[in-house]
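Please read the structure below before turning to the comments.
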Amino acid sequence: MPTNTLSRLLLAGLAGLGLSACGDKVDPDVAKYNLPEVVDYNFHIKPILSDSCFLCHGPDTANAKAGLSLNTFEKATTHKLDSGNFAIVPGDADASEALQRILTDDPGIMMPPSNSNLRLSDRDKALIKRWINQGAEYKKHWSFISPETPNLPEVAQQDWPVNPIDNFILHKIESKKVEDKQLKPNAEADKETLIRRVTFDITGLPPTLEEIDSFLADNSADAYEKLVDRLLAKPAYGERMASEWLDVARYADTHGYATDPYRDVSPYRDWVIKAFNENKPFDEFITWQLAGDLLPTPSDEQLLATAFNRMHTQNNEGGIVNEEFRVEYVKDRVQAVGTGLLGLTMHCAQCHDHKYDDIPAKHYYQTFAMFNNIDESGQISWDAGDMPVPTMLLPNDEQKAKVTKLKQQVENQESALEVVASKSQSGFTNWLKNKAKADLFANDVLIAHYPFSQKDSTKTIHNALDKKQTGKVLFSSSKYQKDGPALVVKTDQGNEAIEVNGDDALFFPSMDHFNRATPFTVAIKAKFPADLTDGVLFHFNKSSILYNYKGFDVTVEDNHWVVRLAHTYPYNAIALRSQQPVTTDVWQHVALTYNGSSKADGVTLYVDGQPVAMNVERDNLYKDIRHRPKDELGLVVTLKVGARWRSRGAALTLVDDLKVWSTDLTQVEILANANQALGKDFSVGDVASESQWLAYYNQRVNKQYVQALDKLTDVRNQYNAANEDIPEIMIMQELAEQRPTYILERGLYNNYGEQVEAGVPEAVFPFDPNLPKNRIGLAKWLTDPQHPLLARVVSNRYWMMLMGTGIVRTPEDFGSQGQLPTHPDALDWLSREFIDSGWDIKHIVKTIAMSATYRQSSIASELKLEADPENTLYARGPSNRLTAEMLRDNVLAASGLLVEKLGGKSVYPYQPEGLWVMNRGKYQQSTGDDLYRRSLYTIWKRNAPPPSMHNFDTPTRSYSVGTRQSTNTPLQALTLMNDPQYVEAGRILAERVMTETQDGDQRLVNLYRRLTSKFPDEHELSLMQDMYKTFADKFQKAPEQADELLTVGEKPSSKQLDKHSLAALSTVANLVMNHDATVIKR
């Protein structure tokens, strides 16, 4: 049967069954299914379509089945199906084939298809039908509509609201009836509960007994507000807020991937703490992190903030594709913005248009372009001490003063050298008359000469200047490879030359003196095979990309000369590329000179005595080119020829006559040596340029100039050494020229589609054409007061931080697949309040904390549990387990062990042995105060996160996290009972209360209060008394068990206290740590 005939019969049959809406007749479905009077697209229809239809008929129009997309009015109502009908006919459900296919039971045509395992409820079907009959009105997605301050709803219980948030909450509570009973909000929590709740929520720490007693005794009307203000002013507030933000920022102390090496990025974490404590406006907080480097004359602090964009995982594994991982890093930055700031799953649009939200792949890659313009490497250095570039130096005050002084000395000496040069003309004129006597071969500064001949072997390559400083063959360019093919020596055009095979390097162990502050020259004769297009000629590297080309190298790449001097390529490096192709199949003399200036104009490559015209690709060398001597891979750093580990060597190239000088030779000397090496005659008359002779005169004859140059080299070395000790941190720094960005088909790094310019997902909020199309423009777009998402997403997260759940319970997804807000008006009011306050974070936190909604008791009646088990109405206060950090910090604070020091490098508290072995890592446990720092400062290794905290749902932070998962497992109780941190804290807490009082019951009360912030009731006190007696008897009978318990942890046990009593009270403390009143924040 033809499709259109079948469709007409289907429509007619369904209409005959009375499934149409007849004009203004009463819709029986309204009462039957409790349908709303007006069906709203965003809140009633779109969730159904998103869950059941959009995968095949959503925003991804390129892949939409039958060409039908149901996500916009135009697409849904104008696309004619194969049947000749329209999917949706506004006002006529009977004529809408989409609905009829939803209603039918015919498996051949029903939608969703029977094999999809998706089913619509009868109420869903009735909603769609009513919506179509009401005109099928589409709306912009709710979270893409700019929030406006809503009118406050009327409430019956007018004395309950403290601030406008409460009106919205109360209005919904009062609209809910259960069994004809009107729901009401809970009364305010008791003061003990309230101070514990708000202190943890704002500072992440428990209140002290003194703070509790003071609050309990304060009966003033503003006692609670004074408490909130005092908490917001504490330094611990910044630490608490940072803990939440660092999940978004995917902060970790290691790079991730298989090897997961360490990196010190603690200065970024400390900046975040400082920013929160200073109450930096959130728009500024975001702008600095996204684009601080693009602000006018950015400060060091603004540059440091951009480390946010670099907190992603990075890979140093050998054999990876550099560009593939560079692209991954850019994608991660987009995801961090998408998840953390927009609350959208933008990363779902990297392979195709988003299946559920209006984010085309093109817009994804336009946002990608914002972050695609820094000089970074996808393959980071295997040497974990070399921070991935771009970086900035972070000197302390002493280091800053030292390098500033040395830098000035360098500049002064450079000026002094210029003065000496300017006064050299008369001496030069006199000398010029006798230039024929000059030693143009620089033999006095020649430090090595390897002629290469038949006498050489794999074990010995002779040095004509020093018989002891020989070279050899480094098989596979690694010291671990002990044997390999014999050395091949050939005679070619009168040259006895070694033919390199591209794998086994000619290795010269004594040539290891090179650094960025000291001049040098290296020269060699070479004859490349005719077909060579890529290969290293000579170098001072361990490897190539694996160590980001640290050292220097002269290489052929894509048939052009490339010269690099690098600390960490590409950013911290000098890089030159020849303008003309390399000549092959002829003998040529190749020489590299470097003057120690750390500048590209101090590097010259000569071929046959003439400087090669080079384009400067990088000129930003600010740290040394030397490697650290230790290497687990068997790689060594000295001068090598013809091959490089895990890099393409100059296979089948003939090399001869390698020389090394301890200074940068002048062009005159290079020309003389080139002619000598190539067997050409040379005389002083061959140099016609007076400027070349002047350069030679100053560097080789003029004693004043030579002395000044030596002094410059000395102070440059001091400056270089001082810089080496200064730590670095990753930052953002734009390339001078915009890197082109393309849509990557199917998300593949090398599958280029259409080229795109920087932009944003326009459906969210239009990009002002007056804004620059870069990260500063992105930041301004995000923080525009009319932007619909940023304030909502952040306000919702802070609401969740205090209330336990968000108004949108999918804080990382405000899109079609996310949950709808339980109180959209409350969220809009909170968002506008946040914006209108000047993005005042403390104001918004205080607003939530001061609300009657937040201050409610969390005790739930049976009626409320039945009516609202997940507390979506917020008719009771929050009740949640303490976070992993709070649990640990609570016992440290209660025991008095907690060290309240702000900032600093991450620390290594107790953890089981062997967890880091999988990454060849060694966990060196901290000592002293570092064992008892706040959990925020615990070392965060991505492949092995802190186990005691990971058991309580901390993320790996391998990507941006909008919300942590919540689990309940036996491991959690076992952690609280057995982790040395908790066991030791229990012992120290027992010592503390035993020292405070001799009264046994009072000891138990104090112990309980310090852990729970409340007095125990009679039943709880009785249980503790029984437990104490039981354990005291046990330890009296088994004193060795008491001894074993009291030795857990680094803090020595008190010798003045009875060990049996102390062990018993320690055990009680550990049991109370597991108690609901300790673990749960109510």
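The values are calculated or read from the model by the stated rules, or taken from the named source; none is laboratory data. These numbers come from a predicted model, not from an experiment. A quick note on method: Cβ atoms are made from the backbone with ideal geometry, for glycine too, and the neighbour counts reach across all protein chains shown.
Key figures for this structure:
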{"read-out": "Test: residue in segment 339-358 that is closer than 24 Å to MET392 by Cβ, of a type in the set (S, T, N, Q) and surrounded by fewer than 24 Cβ atoms within 10 Å (Cβ to Cβ)", "value": "no"}
{"read-out": "Meets criteria (of a type in the set (A, V, I, L, M, F, W, C) and outside the structural domain of PRO519 (by TED's automatic domain parsing)) for VAL403", "value": "yes"}
{"read-out": "Of all residues in segment 793-832 being of a type in the set (Ser, Thr, Tyr) and in a loop (DSSP other than H, G, I, E, B), the one that is modelled with the lowest pLDDT", "value": "SER816"}
{"read-out": "One residue from ARG101, ARG123, ARG197, ARG130 being of a type in the set (D, E, K, R), part of a helix (DSSP H, G or I) and under 21 Å from TYR798 (Cβ atoms)", "value": "ARG197"}
{"read-out": "Hits in segment 868-884 - residues which are of a type in the set (Gly, Ala, Ser) and crowded, with 18+ Cβ neighbours inside 10 Å", "value": "ALA875, GLY877, ALA884"}
{"read-out": "Conditions (1) hydroxyl-bearing (Ser, Thr, Tyr); (2) part of a loop (DSSP other than H, G, I, E, B); (3) out of contact with any Ser or Thr (no Cβ under 9 Å at 6 or more places or on another chain): number failed by TYR854", "value": "(2)"}
{"read-out": "Matching residues in segment 745-788 - criterion: being hydrophobic (A, V, I, L, M, F, W, C), under 21 Å from GLY815 (Cα atoms) and outside any helix (DSSP H, G or I)", "value": "VAL760, ALA763, VAL764, PHE765, PHE767"}
{"read-out": "Qualifying positions in segment 623-641 - under 16 Å from ARG564 (Cα atoms) and in a loop (DSSP other than H, G, I, E, B)", "value": "LYS623, ASP624, ILE625, ARG626, HIS627, VAL637, THR638"}
{"read-out": "Considering residues of segment 471-487 that are in contact with a strand residue (DSSP E or B) (Cβ under 8 Å, 6 or more places away or on another chain) and buried (at least 19 other Cβ atoms within 10 Å of the Cβ) only, the residue farthest from THR638 (Cα to Cα)", "value": "LEU487"}
{"read-out": "Segment 414-466 - residue that is of a type in the set (D, E, K, R) and part of a helix (DSSP H, G or I) and, of those, surrounded by the fewest Cβ atoms within 10 Å (Cβ to Cβ)", "value": "LYS437"}
{"read-out": "Filter result for ARG240 (surrounded by 20 or more Cβ atoms within 10 Å (Cβ to Cβ), closer than 30 Å to GLY904 by Cα and among the basic types (Lys, Arg))", "value": "yes"}
{"read-out": "Scan of segment 667-689 for residues that are in a helix (DSSP H, G or I) and either crowded, with 18+ Cβ neighbours inside 10 Å or free of Cβ contacts under 8 Å to residues at least 40 places away in the same chain (or both), ordered by number", "value": "GLN667, VAL668, GLU669, ILE670, LEU671, ALA672, ASN673, ALA674, ASN675, ALA677, GLY685, ASP686"}
{"read-out": "Matching residues, segment 138-179, being within 30 Å of ILE128 (Cα to Cα), part of a loop (DSSP other than H, G, I, E, B) and over 45 Å from the mean Cα position of the chain (by Cα)", "value": "GLU179"}
{"read-out": "Residue match in segment 996-1013 (condition: over 30 Å from TRP245 (Cβ atoms), in a helix (DSSP H, G or I), free of Cβ contacts under 8 Å to residues at least 60 places away in the same chain and charged (D, E, K, R))", "value": "yes"}
{"read-out": "Test result for VAL327, assigned to a helix (DSSP H, G or I), in contact with a helix residue (DSSP H, G or I) (Cβ under 8 Å, 6 or more places away or on another chain) and of a type in the set (Val, Ile, Thr)", "value": "no"}
{"read-out": "Residue that is surrounded by the fewest Cβ atoms within 10 Å (Cβ to Cβ), among those in segment 921-947 that are closer than 22 Å to HIS312 by Cα and of a type in the set (Lys, Arg)", "value": "ARG942"}
{"read-out": "Which listed residue, of PRO395, PRO388, is in a loop (DSSP other than H, G, I, E, B), within 26 Å of TRP288 (Cα to Cα) and either out of contact with any strand residue (DSSP E or B) (no Cβ under 9 Å at 6 or more places or on another chain) or aromatic (Phe, Trp, Tyr) (or both)", "value": "PRO395"}
{"read-out": "Neighbours by Cβ (under 9 Å, 6+ apart or cross-chain): first from segment 916-935, part of a loop (DSSP other than H, G, I, E, B); second basic (Lys, Arg)", "value": "TRP916/LYS922; TRP916/LYS941; GLY921/LYS941; TYR923/LYS941; SER926/ARG933; ARG934/ARG888; ARG934/LYS901"}
{"read-out": "Qualifying positions in segment 337-380 - outside any loop (DSSP other than H, G, I, E, B), among the aliphatic types (A, V, I, L, M) and under 19 Å from TYR749 (Cβ atoms)", "value": "MET346, ALA349, ALA361, ALA369, MET370, ILE374"}
{"read-out": "Count of segment 962-973 residues which are outside any loop (DSSP other than H, G, I, E, B) and either in contact with a His (Cβ under 6 Å, 6 or more places away or on another chain) or touching a residue at least 12 places away in the same chain (Cβ under 8 Å) (or both)", "value": "3"}
{"read-out": "Index of the failed condition, ALA517 passing every other in (1) surrounded by 19 or more Cβ atoms within 10 Å (Cβ to Cβ); (2) small (Gly, Ala, Ser); (3) over 40 Å from the mean Cα position of the chain (by Cα)", "value": "(3)"}
{"read-out": "Verdict on THR1030 being out of contact with any Leu (no Cβ under 9 Å at 6 or more places or on another chain), β-branched (Val, Ile, Thr) and assigned to a loop (DSSP other than H, G, I, E, B)", "value": "no"}
{"read-out": "Among (1) at pLDDT 95 or above; (2) over 22 Å from LYS941 (Cβ atoms) - the single one TYR268 does not satisfy", "value": "(2)"}
{"read-out": "Total residues in segment 248-302, condition of a type in the set (Val, Ile, Thr), in a helix (DSSP H, G or I) and more than 17 Å from VAL907 (Cα to Cα)", "value": "4"}
{"read-out": "Failed item in (1) within 28 Å of ASN750 (Cβ to Cβ); (2) modelled with pLDDT of 95 or more; (3) over 14 Å from the mean Cα position of the chain (by Cα), with ALA258 passing the rest", "value": "(2)"}
